[in-house]
Amino acid sequence: MDYDLALDQALNRLHEEGRYRTFIDIERRRGHFPQAVWRRPDGTEKDITVWCGNDYLGMGQHPVVLAAMHEALDATGAGSGGTRNISGTTVYHKRLEAELADLHGKQAALVFSSAYVANDATLSTLPRLFPGLIIYSDALNHASMIEGIRRNGGARRVFRHNDLDHLRELLAADDPAAPKLIAFESVYSMDGDFGPIGAICDLAEEFGALTYLDEVHAVGMYGPRGAGVAERDGVMHRVDIINATLGKAYGVFGGYIAASAKMVDAVRSYAPGFIFTTSLPPVVAAGAAASVNYLKTAQHLRDAQQLNARILKMRLRGLGLPIIDHGSHIVPVHVGDPIHCKMLSDMLLDQFGIYVQPINYPTVPRGTERLRFTPSPVHDPRQIDHLVRAMDSLWSHCALNRAEKSA
């Protein structure tokens, strides 16, 4: 086989379909987020504003977080030196897990190297703990959840997105005695819509199922202490396992689950993705713990972020742009074509210094390509106005190109 030719063909398909992923080389500047510097391929630099980051509240630049990381770095050095069960557990890891358990009102928490790994490792391990387990998965669940469910070797059912009637139908069709688990999300990041947590918990109780909730795009952002949508809705105590990240609203790195002490102990003891992975560096665990602790009482940041999201949606809607608005902090603008989505992204960056990454298949279905804006509390009115004016200027240009292409 000509391996180089096969690789060329695979990459060329992505280019032809307009969904080849380009990594933009940016340098964040301490104290100036969301501003950054774009390093062009030719070596020149351009000041830009980041509009697609997941550091939703700017905590990656917060003095409280940076101070905790400096302290841990000076005290312990760089890496953890091992897996959690072989020299890789420190006071910083234990402190972080205690903060997370307290955040979600659970007995225990377990930190992983990412929320992806936490989802994959936990969901692929649960059938070993509950033989015959059937997992019911929302059709729009994140790739990490899908991968974990696929790899576990157990039975799985996929219910239509947020369709409670379909979920009930699937639950009712299976053996009442079989162990069951419903896996779903609180905020689905591509459309920004919410999962019906309370109603799903009702079904879980009716059919004797466990619940597994991904709060990745919600922790830090919703609820009186930032524990997520389940806290906001007053149903957090009804969810058996909560998965979330430390790399988005908390501005650092890593992922975790929170659950009963017995559940966490079992996952810790059986999940290869936890057992055989080097633990987070203490400096990262320290920064994450400081961020989680701070955001428990930082409602002003959540309020400011929600206000900026509402302002941006209102102004883009006023231009007649097809935004997708489900009331969350995420602002998707539907483009519907991968080539034009990439063209818009490139023009915003090059002409206006606005960085927003195109979202194409397979992250979203074909024909639903979009630009996904994530306003933060540290985006100021001048930056919002600049973005709105840029979108107004470019949208008609791209619409004309789409018309010419269809003609």
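The values are calculated or read from the model by the stated rules, or taken from the named source; none is laboratory data. All of these numbers come straight from a predicted model, not from anything done at the bench. Heads up, the Cβs are rebuilt from the backbone with ideal geometry, glycines too, and the neighbour counts pull from every protein chain shown. Side chains included, ligands, DNA and RNA excluded: accessible areas come from the protein's heavy atoms. Shrake-Rupley method; radii C 1.70, N 1.55, O 1.52, S 1.80 Å.
So what's the back-of-envelope 222 nm ellipticity for the chain, counting only DSSP H runs of four-plus at -39500 (n - 2.57) apiece and dividing by all residues, rounded to 500?
One gets -14000 deg cm²/dmol as the mean residue ellipticity at 222 nm.
When 1/r is averaged over all different Cα pairs and the result inverted, which Kirkwood radius in Å belongs to segment 146-296?
Values: mean 1/r = 0.0600 Å⁻¹.
One over the average 1/r among Cα pairs gives 16.7 Å for segment 146-296.
Taking the radius of gyration and the Kirkwood hydrodynamic radius from Cα positions alone, what is the Rg/Rh ratio for segment 338-394, to two decimal places?
Details: Rg = 12.0 Å, Rh = 12.1 Å.
Radius of gyration over Kirkwood radius for segment 338-394 works out to 1.00.
Which percent of the accessible heavy-atom area of segment 209-305 goes to carbon and sulfur, probe 1.4 angstrom? All intermediate terms of the calculation are to be shown ahead of the outcome.
Numbers: 1730 of 2990 Å².
Here carbon and sulfur together make up 58 percent of the probe-accessible area.
Which value does Rg/Rh take for segment 80-198 over its C-alpha atoms, Rh per Kirkwood?
Details: Rg = 16.4 Å, Rh = 16.1 Å.
So for segment 80-198, dividing Rg by the Kirkwood Rh gives 1.02.
Using only the Cα atoms, work out Rg/Rh for the chain, with Rh taken as the Kirkwood radius, to two decimals. List each step's numbers first, then the result.
Numbers: Rg = 22.0 Å, Rh = 22.5 Å.
Result: Rg/Rh = 0.98.
Give the angle, between 0 and 90 degrees and rounded to the nearest 10, that separates the Cα long axis of helix 91-104 from the longest principal axis of the Cα atoms of the chain.
The angle comes out near 90 degrees.
Over the chain, what is the mean sequence separation of C-alpha contacts under 8 Å (at least six apart), divided by residue count, expressed as relative contact order in percent? Walk me through the numbers before you get to the answer.
Details: 790 pairs, mean separation 87.2, N = 407.
21 percent.
Quick one: what does P(r) look like for segment 12-151 with 10 Å bins over all Cα pairs, in whole %?
Over segment 12-151, the share of Cα pairs per 10 Å bin runs 9, 21, 31, 26, 12, 1 percent.
On average, how much accessible surface per residue is there in the chain, in Å², for a 1.4 Å probe, leaving out ligands, DNA and RNA?
Working: 17740 Å² over 407 residues.
I get 44 Å² per residue for the chain.
Residues with amide H under 5 Å of V158's amide H, sequence separation 5 or more or different chain, H placed in the peptide plane at 1.01 Å from N; which?
Under 5 Å from the amide H of V158 lie the amide H atoms of S137, each far enough along the sequence or on another chain.
In whole Hz, with x marking every Gly and Pro, tabulate ³J(HN,Hα) for segment 368-384 from phi via Karplus 6.51 cos²θ - 1.76 cosθ + 1.60, θ = phi - 60°.
10, 4, 7, 9, 10, 8, 10, x, 10, x, 9, 7, 8, x, 5, 5, 4
Which residues' amide hydrogens lie under 5 Å from the amide hydrogen of D193, considering only partners 5 or more residues apart or on another chain, with H built in the peptide plane?
Under 5 Å from the amide H of D193: Y188.
Take the alpha-carbon positions of segment 203-252, form their convex hull, and give its projected area averaged over all directions (one quarter of the hull surface) in nm². Walk me through the intermediate numbers first.
On the way: hull surface 13.4 nm².
Taking a quarter of the hull surface, the average projection is 3.4 nm².
Give me the Kirkwood hydrodynamic radius of segment 261-374, using the inverse of the mean 1/r over all pairs of distinct Cα atoms, in Å to one decimal. Can you show the working numbers first?
Working: mean 1/r = 0.0563 Å⁻¹.
17.8 Å is the Kirkwood radius here.
List the lysines whose Cα lies under 19 Å from the Cα of K296, skipping any in the same chain that are fewer than 8 positions away.
K94, K106, K248
Would you pull out the residues with amide H under 5 Å of I134's amide H, same chain only if 5 or more places away, H placed 1.01 Å from N?
Distant-sequence amide H within range of I134: K180, L181.
For segment 163-176, take each phi angle, set θ = phi - 60°, evaluate the Karplus expression 6.51 cos²θ - 1.76 cosθ + 1.60, and give the result in whole Hz per residue in order, putting x for glycine and proline.
Going residue by residue, I get 9, 5, 5, 5, 4, 4, 4, 5, 4, 5, 7, 9, 4, x Hz, with x marking Gly and Pro.
Under the Karplus relation 6.51 cos²θ - 1.76 cosθ + 1.60, θ = phi - 60°, what is the ordered set of whole-Hz ³J(HN,Hα) values for segment 34-51, x standing for Gly and Pro?
Result, ordered by residue: x, 7, 8, 10, 9, 9, 5, x, 7, x, 7, 10, 9, 6, 9, 10, 7, 10 Hz.
In segment 61-163, what percent of the accessible surface is made up of carbon and sulfur (1.4 Å probe, ligands and nucleic acids excluded)? Walk me through the intermediate numbers first.
On the way: 2580 of 4590 Å².
Carbon with sulfur: 56 percent of the solvent-accessible area.
Mind grabbing the base-10 log of I(q)/I(0) for segment 280-338 at q = 0.21 Å⁻¹? Debye formula, identical points on the C-alpha positions, no solvent, two decimal places.
With one equal scatterer per Cα and no solvent, log10 I(q)/I(0) is -0.81.
Toward the positive end of the charge dipole of the chain, about the Cα centre and with charges on Cβ (Lys, Arg +1; Asp, Glu -1), which of L344, G148, P375 goes farthest?
Of L344, G148, P375, it is P375.
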